1. If I build a Gaussian network model for the chain, linking alpha-carbon pairs within less than 10 angstrom, which residue out of 33, 65, 81 has the largest mean-square fluctuation?
2. Over the chain, what relative contact order in percent results from Cα pairs under 8 Å that are six or more residues apart?
3. What accessible area per residue, rounded to a whole number of Å², is obtained for the chain using a probe radius of 1.4 Å?
4. I'd like the Kirkwood hydrodynamic radius of segment 1-71, using the inverse of the mean 1/r over distinct C-alpha pairs, in Å.
5. First check a/c for segment 29-105, with a ≥ b ≥ c the square roots of the eigenvalues of its C-alpha gyration tensor; if it is under 1.5, answer rounded, and if not, answer prolate when a/b is larger than b/c or oblate otherwise.
6. For segment 23-105, which whole percent of the accessible surface, found with a 1.4 angstrom probe, sits on carbon and sulfur atoms?
7. For a quick check of your reading of the filter: which GluC sites (Glu not before Pro) in segment 32-105 sit in a DSSP loop and have no more than 14 other Cβ atoms within 10 Å?
8. What nm distance separates the two modelled labels at residue 76 and residue 52, each placed 7 Å from Cα along Cα→Cβ?
Amino acid sequence: METKYLLHHVFFWLNNPESTEDRNKLIEGLNTLKGIDAIQKIHIGVLASTEKRDVVDTSWDVSELMFFENEKYQKIYQDHLIHQDFVKNYSHLWKKVVVFDAQDV
């Protein structure tokens, strides 16, 4: 049976979007989340240089996409000390965060 993942996609808007140092610091923090076993797969990204179109939101700076087996594992991630430390140690870098959670169909 194929696993139907829960996808957790997070977009970050930096306080200082022109700062490569701040962007790299946030990416460093996101990489610490790889230590959480509940995450099946994680992708950390920045804006792609694809064609600009009206339907494409290019206002964000960094994103993370995580795959979880189910809601139980996503909750383990949310409560995990590594995640809590990430928020505590890196949240000063962003002014806005938007999360999209989706379930495979």
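The values are calculated or read from the model by the stated rules, or taken from the named source; none is laboratory data. Predicted model, so just to flag it, every value in this text is computed and none were measured. Cβ atoms come from the backbone with ideal geometry, glycine included; neighbour counts cover every protein chain shown. Areas reflect the complete protein model, heavy atoms only, side chains present, ligands, DNA and RNA absent. Shrake-Rupley method; radii C 1.70, N 1.55, O 1.52, S 1.80 Å.
1. Residue with maximal mean-square fluctuation among 33, 65, 81: 81.
2. Reported relative contact order: 51 percent.
3. Numbers: 6850 Å² over 105 residues.
Heavy-atom accessible area per residue stands at 65 Å².
4. 13.7
5. Because a/c hits 1.5 or more and a/b fails to exceed b/c, segment 29-105 counts as oblate.
6. On the way: 2790 of 5440 Å².
Of the solvent-accessible surface of segment 23-105, carbon and sulfur hold 51 percent.
7. Passing both the DSSP loop test and the Cβ count: 51, 69.
8. Between residue 76 and residue 52, the label points sit 4.4 nm apart.
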